[in-house]
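Here's the structure we're looking at; comments come further down.
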Amino acid sequence: MKIDFKKDTNGLVPAIIQDANTKSVLMLGYMNEEAYKKTIETKKVTFYSRSKERLWTKGEESGNFLNLVDIKVDCDNDTLKVMVNPVGPTCHTGTDTCWHEENEVSFGFFSQLEKVIAQRKASADSEKSYVASLFKKGINKIAQKVGEEAVETVIEAKDDNDDLFLYESADLLFHYLILLQAKGFSLKDIEAELQKRHK
């Protein structure tokens, strides 16, 4: 990997720190060649601190280290993307990221949908909300709906109508997310189980 430390007059390149698992951007720091070499050697992310004017290993005082997973350099060879496994919060203010965001796994729209389902469950307004009405009817009804949607998805899979197959697949996944919450689980738990099986 070729990194152009000479492009900047101070010999520094920006280092974007990203959680290897959640893909959240945690912070931005700067590395000179010495900081880069120490990071590779120790497997703990080390920066060049512009304010302290010295090498600084993240976590050297707090214990909140950034354990190195991988480093990639951009197309201009002057910016690093550093993939890490963080130990504790990254920001000196105590937050997960320097943008005060939570460092959580996101499954895109599915994560948003999980939050909506949780809100509907909490509101318990079964007259206005289909989701709340399912939770009110209990686990047996929710499980039954998942079974019904699974059968309908299998039937549509054997036909040639892709639109109906996608429609039923969406119904199945939606009701499965409801069942997961009814059992006290989320997509993160399913991901963890699949990761355990992955070899």
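The values are calculated or read from the model by the stated rules, or taken from the named source; none is laboratory data. Computed from a predicted model, the values in this text were never measured in an experiment. When we count neighbours, we look across all protein chains shown, and the Cβ atoms used for this are built from the backbone with ideal geometry, even at glycine. Quick note on the areas: whole protein, heavy atoms, side chains included, nothing else; ligands and nucleic acids left out. Shrake-Rupley method; radii C 1.70, N 1.55, O 1.52, S 1.80 Å.
Which of the GluC sites (Glu not before Pro) across the stretch 110-199 are loop residues per DSSP, with 13 or fewer other Cβ within 10 Å? Don't skip to the end; give the middle numbers.
Numbers: sites: Glu114, Glu127, Glu148, Glu149, Glu152, Glu156, Glu168, Glu191, Glu193; in loops: Glu127.
The qualifying sites are Glu127.
Among Val69, Val45, Val151, which one moves the most in a GNM of the chain with springs linking Cα atoms closer than 10 Å?
Ranking Val69, Val45, Val151 by mean-square fluctuation puts Val151 first.
For every other residue with a beta carbon closer than 10 angstrom to the beta carbon of Glu104, add +1 if it is Lys or Arg and -1 if Asp or Glu, then tell me the sum.
Value of the local net charge: -3.
Run lengths n ≥ 4 of DSSP H only: what is the helix-derived mean residue ellipticity at 222 nm for the chain, with -39500 (n - 2.57) per run over all residues, to the nearest 500?
Values: 6 runs with 84 residues, N = 199.
Calculated mean residue ellipticity at 222 nm is -13500 deg cm²/dmol.
Leaving ligands, DNA and RNA out of it, work out the accessible area of Ser169 with a 1.4 Å probe and give it in Å² to the nearest 10.
It works out to around 30 Å².
So, R0 is 25 Å and r is the distance between the beta-carbons of Ile155 and Phe110; what FRET efficiency does that work out to, to 0.05? Before the final figure, lay out the partial values.
Numbers: r = 24 Å, r/R0 = 0.96.
Efficiency for this residue pair is about 0.55.
Quick check for me: using +1 on Lys/Arg Cβ and -1 on Asp/Glu Cβ, what's the dipole size of the chain about its Cα centre, in debye to the nearest 20? Don't jump to the answer; show the numbers that get you there.
Details: 28 positive and 33 negative charges, 182 e Å.
Dipole about the Cα centre, nearest 20: 880 debye.
Using DSSP to define loop residues, name the trypsin sites (Lys or Arg not before Pro) in the stretch 52-130 whose beta-carbon has at most 12 other beta-carbon atoms within 10 Å.
On the way: sites: Lys52, Arg54, Lys58, Lys72, Lys81, Lys115, Arg120, Lys121, Lys128; in loops: Lys52, Lys58, Lys128.
In loop regions of the stretch 52-130 (DSSP not H, G, I, E or B), the sparsely surrounded trypsin sites (Lys or Arg not before Pro) are Lys52, Lys128.
Tell me which GluC sites (Glu not before Pro) from the stretch 1-91 have a DSSP coil assignment and no more than 11 other beta carbons within 10 Å of their own.
Working: sites: Glu33, Glu34, Glu41, Glu53, Glu60, Glu61; in loops: Glu53, Glu60, Glu61.
Passing sites in the stretch 1-91 are Glu53, Glu61.
Computed from the coordinates I sent, semi-axes √(5λ) of the Cα gyration tensor in Å equals one of [x] 30, 21, 13; [y] 23, 21, 15; [z] 47, 20, 14. Tell me the label.
It is the value labelled [z].
Counting pairs of alpha carbon atoms under 8 Å apart in space and at least six apart in sequence, what relative contact order in percent does the stretch 1-139 give?
Details: 239 pairs, mean separation 28.1, N = 139.
Across the stretch 1-139, relative contact order equals 20 percent.
Just how far, in whole angstrom, is the stretch 122-164 from the stretch 50-105 if you go by their alpha carbon centroids?
When both Cα centres are located, 43 Å separates them.
Are any of the pairs Lys2/Lys23; Lys137/Lys188; Lys23/Lys72 more than 18 Å apart by Cα-Cα distance, and if so, which? Let's see the in-between values first.
Details: Lys2/Lys23 24 Å; Lys137/Lys188 25 Å; Lys23/Lys72 14 Å.
Over 18 Å Cα-Cα: Lys2/Lys23; Lys137/Lys188.
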